[in-house]
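All remarks here apply to the structure that follows.
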Amino acid sequence: MDKPNRTMAQQIAVAASAFGHQTTGHAPRSVTVVLNDDTLVITMHGAPSPAEEALAISPTGAAQVQEFHRQLFANSSAGLCKEIKRITGVEVREATAEIEPTTGTVVKVFATGTMVQVFLLARGVPADIWSRSGPEDPS
């Protein structure tokens with residue numbers, strides 16, 4: 001049961017984590033949820049199981065893990081989409097998922113005919129730096 005003081009993003013993160021555990025038997029290490037206008041992006045870190053991580057060491061195995069997660073999401077995402085609608089009050093029109101098997105990150109995108117480009121950075125960017133107007137002058 002959701003705690004009444006959870007934000008929509010927190011509720012969606014809990015739902016996505018539960019969805020991951022239900023569909024793969026392995027819960028992600030962490031979940032990040034970002035909403036911008038009509039595009040919702042859910043990033044699940046540490047999502048692959050240890051067996052998937054071992055398989056993803058080779059290029060052929062990594063391709064198998066990617067295809068497995070694409071098909072799994074395509075065939076079982078209806079429940080998560082329904083939960084997103086319950087939380088946000090907005091219907092999900094389109095959804096896709098992609099996994100980066102070498103880092104173990106799964107990105108799920110719920111968009112409305114929008115091209116979404118996702119860049120996984122090597123490390124986090126602190127909020128105070130992110131909110132600056134531009135790059136600092138190196139001189």
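The values are calculated or read from the model by the stated rules, or taken from the named source; none is laboratory data. Everything quoted here is computed from the prediction, not taken from an experiment. Neighbour counts run over all protein chains shown; Cβ positions are idealised from the backbone, glycine included. SASA here: full protein model, heavy atoms, side chains in, ligands and nucleic acids out. Shrake-Rupley method; radii C 1.70, N 1.55, O 1.52, S 1.80 Å.
Brief remarks on what is shown
- Residue match in region 43-52 (condition: open to solvent by 50 Å² or more (accessible area, probe 1.4 Å) and not aromatic (Phe, Trp, Tyr)): yes
- Qualifying positions in region 1-45 - among the hydrophobic types (A, V, I, L, M, F, W, C), free of Cβ contacts under 8 Å to residues at least 60 places away in the same chain and not in a helix (DSSP H, G or I): MET1, ALA27, VAL31, VAL33, VAL34, LEU35
- Look at region 80-93: where a residue is in contact (Cβ under 8 Å) with a residue 24 or more places away in the chain and a partner is part of a loop (DSSP other than H, G, I, E, B), sitting 6+ places away or on another chain with Cβ atoms under 7 Å, you get CYS81/VAL92; ILE84/VAL92.
- Candidates in region 85-105 are the residues that are of a type outside the set (Asp, Glu) and over 30 Å from LEU55 (Cα atoms); of these, the one that is surrounded by the fewest Cβ atoms within 10 Å (Cβ to Cβ) is GLY89.
- In the set (1) more than 22 Å from GLY124 (Cα to Cα); (2) touching a Ser or Thr at 6+ places or on another chain (Cβ under 7 Å); (3) hydroxyl-bearing (Ser, Thr, Tyr), the condition left unmet by SER58 is number (2).
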